[in-house]
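The values are calculated or read from the model by the stated rules, or taken from the named source; none is laboratory data. These numbers come from a predicted model, not from an experiment. A quick note on method: Cβ atoms are made from the backbone with ideal geometry, for glycine too, and the neighbour counts reach across all protein chains shown. Heads up: the accessible areas ignore ligands, DNA and RNA and are worked out on the full protein's heavy atoms, side chains in. Shrake-Rupley method; radii C 1.70, N 1.55, O 1.52, S 1.80 Å.
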Amino acid sequence: MSARDTARAIDALRRGWPIVLDLASGPLSLLPIETADARRLDAFDPEHVAPVLLSAGRAETLKLKNQRAAGGPDCPVLVERTPWLGFDAAVALVDPALDLKHPLQGPYYALPLADPNGARWALKLATLAGMLPGFFVLESGIGEVRLTPADIEAHEDAERLVIAARAKLPVAQAEHAELVAFRSPEMAGEHVALVIGTPDGGPPLVRLHSECLTGDVLGSLKCDCGPQLDAAIARIAEHGWGVLLYLRQEGRGIGLINKLRAYALQDQGFDTVDANTRLGFAIDSRNFRVAARMLKLLGQDAVRLLTNNPEKVAQLQAAGIAVVERVPHKLPPNPHNERYLATKRDRTGHAF
């Protein structure tokens with residue numbers, strides 16, 4: 001088991017190279033549709049027989065999933081290769097941004113999956129790479145990088161996280177603060193914690209804040225991330241002692257590019273939940289076990305959690321952090337994010 005193999009596989013996928021996922025049922029070669037091209041497809045599949053692997057959410061949008069009544073809601077779908085399913089058609093098949101520009105040809109037919117769980121791991125790898133979940137697949141060993149589902153699990157192992165560096169960092173709303181950086185051997189970026197004030201023997205007031213470039217840096221009005229970040233720092237400082245965890249999980253874990261794709265779908269009328277599932281992702285792909293590990297490394301196993309999200313509470317508690325109180329974190333809406341906040345309340349269980 002090597003998490004290094006997953007990092008190498010992610011790099012290969014982002015470059016449009018095929019990789020091999022070794023499953024219990026045999027090897028599965030994957031060519032990423034988003035980053036490959038027609039020439040690479042011809043080299044990967046000269047016989048033009050490789051079917052297309054899609055997420056269940058995307059296949060349901062395309063009315064493909066219902067062709068297999070046995071397909072569960074989380075079961076990926078394998079689409080049979082046909083004469084009209086070339087590279088350009090496959091790109092339109094996996095990218096919902098093209099739905100209005102390129103009417104699909106078809107008909108398309110769903111095939112049985114030899115290893116549904118293995119297919120789920122393949123799509124999980126696409127999410128880790130920040131790419132659209134869609135592959136041409138062959139039951140072969142084509143690809144220089146090989147990995148197993150256990151390698152993917154190791155890549156997400158929060159226990160591999162360590163403190164890399166720390167230093168005092170006075171910030172605008174909390175002059176007495178320290179920034180602590182965390183990383184693991186496989187991570188491309190670092191998670192950080194802003195430790196504010198002086199421990200007083202009680203549970204710290206803690207905020208889990210997921211990275212949001214558009215909101216935190218550019219002041220986007222489509223979400224409430226920037227104001228939430230500022231207000232959390234102010235509230236922790238006012239409390240006198242606490243920790244803000246800044247988690248590198250942009251776009252609820254799907255990455256910046258896919259988040260912008262979701263924004264484009266929202267401009268077409270879809271809410272945040274439907275935009276994510278239409279892209280083929282989970283409603284929320286974040287992993288808060290890493291936050292639990294960060295708190296443990298900081299010596300904290302009980303917290304007052306500043307959140308409206310019950311899933312954060314559940315994941316922290318499951319990872320061994322006692323949430324002694326959930327502290328609501330509500331901010332006023334603006335005309336651009338009213339629907340976004342209503343969706344969080346009505347469809348993802350946020351308690352404001």
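Each residue of segment 256-273 in turn: what ³J(HN,Hα) in whole Hz from Karplus with 6.51, -1.76, 1.60 and θ = phi - 60°, glycine and Pro shown as x?
These are the phi-based 3J(HN,Hα) values: 5, 4, 5, 5, 5, 4, 5, 4, 4, 5, 5, 5, 8, x, 7, 7, 5, 5 Hz.
At what distance in nm do the modelled label points of Lys168 and Ala150 sit from each other, each positioned 7 Å from its Cα along Cα→Cβ?
Those two pseudo-labels are separated by 4.8 nm.
Taking Cα pairs under 8 Å and at least six residues apart, what relative contact order does the chain come out at, in percent?
Relative CO of the chain lands at 17 percent.
Based on the Cβ-Cβ distance from Lys63 to Glu190, what FRET efficiency comes out when R0 is 41 Å, to the nearest 0.05?
Step by step, r from the Cβ atoms, then E = 0.45.
With the crude spin-label approximation of a point 7 Å out along Cα→Cβ, what separation in nm comes out for Tyr263 versus Ile283?
Roughly 2.4 nm, to one decimal.
5 Å is the cut-off here: which amide hydrogens, built 1.01 Å from N in the peptide plane, fall below it relative to Leu111, excluding neighbours closer than 5 in sequence?
Close amide H contacts, sequence-distant or interchain: Leu78, Val79, Glu80.
Accessible area, 1.4 Å probe, largest first: how do Glu338, Glu325, Glu175 sort?
Putting Glu338, Glu325, Glu175 in descending order of accessible area: Glu175, Glu338, Glu325.
Looking at this model, which pairs from Lys259/Lys312; Lys124/Lys259; Lys222/Lys296; Lys63/Lys259; Lys222/Lys330; Lys124/Lys312 are more than 26 angstrom apart at the alpha-carbon?
Checking Cα-Cα distances, Lys222/Lys296 exceed 26 Å.
Could you tell me the extents of the chain's C-alpha atoms along the three principal axes, largest first, rounded to whole Å?
Projected onto the principal axes, the Cα atoms of the chain cover 68, 46, 34 Å.
Charges at C-beta only: +1 for Lys and Arg, -1 for Asp and Glu. How large is the resulting dipole of the chain about its Cα centre, in Debye rounded to 20?
So the dipole magnitude of the chain works out to roughly 500 debye.
With a probe of 1.4 Å, find how much accessible area the chain has per residue, and write the answer as a whole number in Å².
Accessible surface, normalised per residue, equals 46 Å².
If you roll a 1.4 Å probe over the chain with all protein chains in place, what percent of the accessible area is carbon or sulfur?
Ligands and nucleic acids excluded, carbon and sulfur give 53 percent.
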